[in-house]
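To start, the structure under review is shown below, and the notes come after it.
The values are calculated or read from the model by the stated rules, or taken from the named source; none is laboratory data. Values in this document were obtained by computation on a predicted structure and should not be read as measured data. Cβ sites come from the backbone with ideal geometry, for glycine too, and all protein chains shown count toward neighbours. Please note that ligands, DNA and RNA were not included when accessible areas were found on the heavy atoms of the full protein model with its side chains. Shrake-Rupley method; radii C 1.70, N 1.55, O 1.52, S 1.80 Å.
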Amino acid sequence: MSRRRSSSEAAPADKGKRAKSQVFLVAVKQRREALRVYAVLTSAQDEALAIVAAASAEGAAVEAAGRLSKKLARPLKLKPEVPHPI
């Protein structure tokens, strides 16, 4: 018979697992240009913001715009940590 773990027992830490990847939407605004939105496949929102900021021109305002579901992101064939314009 299997034994259930009580709430006081801690689950073993999985050191080999990576954080789940998500698709973050990042908006970029530059003077005299239209707002651009990028989709980035990464594990953290801060990481997505940094990736887009590094790829954008100096002085561009970068901010989080939300997330995209895996179902909607699948046809885009996103590569990890590569910004894809939407």
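Table for the structure above
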| quantity | calculated |
| --- | --- |
| Conditions (1) open to solvent by less than 80 Å² (accessible area, probe 1.4 Å); (2) modelled with pLDDT of 95 or more; (3) touching a helix residue (DSSP H, G or I) at 6+ places or on another chain (Cβ under 8 Å): number failed by Ala27 | (3) |
| Options Glu33, Glu47, Glu9: the member that is at pLDDT 85 or above and more than 22 Å from Leu78 (Cβ to Cβ) | Glu33 |
| Residue that is surrounded by the most Cβ atoms within 10 Å (Cβ to Cβ), among those in the range 44-71 that are part of a helix (DSSP H, G or I) and among the β-branched types (Val, Ile, Thr) | Val52 |
| Candidate set from the range 72-86 (those that are among the charged types (D, E, K, R) and assigned to a loop (DSSP other than H, G, I, E, B)); member that is surrounded by the most Cβ atoms within 10 Å (Cβ to Cβ) | Glu81 |
